[in-house]
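Colleague: I'd like to ask you about the structure that follows.
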Amino acid sequence: MIIKGNNLIALYSLVDRYASKIKLIYLDPPFNTKNGDFPYNDRFNHSTWLTFMKNRIDVARKLLKEDGLIFIEIDHLEEAYLKVLLDMSFGIQNYVATISVKSNSISGSKTSHKGKTILKNYDSIRVVLVKSF
């Protein structure tokens, strides 16, 4: 079964029926870039974004099987904070990997400030295994 959605209430509505039954969850949350180019809110203040993510990670933990996996795609702006949230919810020992995914090509106007910044053309996917502590 594949369930698509972005509503926290919808995720919680699945808990009674699917608690500890889901093998894999993939989350693609707002990256919190503050640019607002997306059809969802991408302008959270930092503490609001952390709460937003913690709520989703907590319900995901309830839905996942004992040997389930969670994949969460994120960019560099919140990647370290996401890692800490996942470590708190699933345990540091359950971290599996960080997968780098090419997100765009660096060319044209994107290179105009290359002397002042590090150019980014990847996003990351954090992978965590569910196990008992």
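The values are calculated or read from the model by the stated rules, or taken from the named source; none is laboratory data. Since we're looking at a predicted model, the values are computed, not measured. Every residue, glycine among them, receives a Cβ derived from its backbone with ideal geometry; neighbour counts consider all protein chains shown.
Colleague: Any residue in the stretch 56-70 that's closer than 15 Å to Lys131 by Cβ: show its pairings with residues that are of a type in the set (S, T, N, Q) and crowded, with 19+ Cβ neighbours inside 10 Å at Cβ separation under 6 Å, as long as the two are six or more apart or on different chains.
Modeller: none
Colleague: So, of the residues in the stretch 88-100 that are in a strand (DSSP E or B) and among the aliphatic types (A, V, I, L, M), which turns out to be surrounded by the fewest Cβ atoms within 10 Å (Cβ to Cβ)?
Modeller: For the stretch 88-100, the residue satisfying everything is Ala97.
Colleague: Given the criteria at pLDDT 90 or above and closer than 27 Å to Val15 by Cβ, does Phe71 qualify?
Modeller: Yes: the conditions hold for Phe71.
Colleague: Among the numbered criteria (1) exposed (fewer than 12 other Cβ atoms within 10 Å of the Cβ); (2) farther than 29 Å from Asn7 by Cβ; (3) modelled with pLDDT under 70, which one does Asn121 miss?
Modeller: (1)
Colleague: Mind telling me which of the residues Leu85, Leu50 ends up being modelled with pLDDT of 85 or more, surrounded by 18 or more Cβ atoms within 10 Å (Cβ to Cβ) and assigned to a helix (DSSP H, G or I)?
Modeller: Sole residue among the options that is modelled with pLDDT of 85 or more, surrounded by 18 or more Cβ atoms within 10 Å (Cβ to Cβ) and assigned to a helix (DSSP H, G or I): Leu85.
Colleague: Here's another thing I want to ask about it. Evaluate the stretch 19-39: report whether one residue or more is at pLDDT 80 or above, exposed (fewer than 11 other Cβ atoms within 10 Å of the Cβ), out of contact with any Lys or Arg (no Cβ under 9 Å at 6 or more places or on another chain) and not in a loop (DSSP other than H, G, I, E, B).
Modeller: No, the stretch 19-39 contains no residue that is at pLDDT 80 or above, exposed (fewer than 11 other Cβ atoms within 10 Å of the Cβ), out of contact with any Lys or Arg (no Cβ under 9 Å at 6 or more places or on another chain) and not in a loop (DSSP other than H, G, I, E, B).
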